[in-house]
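The values are calculated or read from the model by the stated rules, or taken from the named source; none is laboratory data. These figures come from a predicted structure and were not determined experimentally. Using ideal geometry, Cβ is built from the backbone for each residue, glycine included, and neighbour counts are taken over all protein chains shown.
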Amino acid sequence: MEPVNIPVEIDTPHQVLLWSVDEFAPFMVFMVAGNLMGQFFLGLGVGWAISHVYRRYKNTRPDGYLLHLFYWFGLSVTKGLTLVNPFKREFLP
């Protein structure tokens, strides 16, 4: 049996082939779009380029930087608050 690689942190992104999931998603979207338009290799190239640029951007910024930008531009990922109100005394279900 091969040993299973257990991530060190709980929020480590899942790996798909050579990329993390958030880097692999644009590649797959452009690959499928290129296939639907009859330009498969163009879709592969554009998807790889977008994933490469995103990886370089992500690796040069601190963790959570893109989520922070999305929040300030009104593109919040969640509808809930990210911080609990410190003045709230009771938490009801």
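Some notes on this structure:
- Residue in segment 28-42 that is under 15 Å from the mean Cα position of the chain (by Cα) and part of a helix (DSSP H, G or I) present: yes
- Close pairs (9 angstrom Cβ cut-off, 6 or more residues apart or separate chains): among the acidic types (Asp, Glu) in segment 5-29, modelled with pLDDT of 80 or more anywhere: ASP22/TYR54; ASP22/LYS58; GLU23/SER51; GLU23/HIS52; GLU23/TYR54; GLU23/ARG55; GLU23/LYS58
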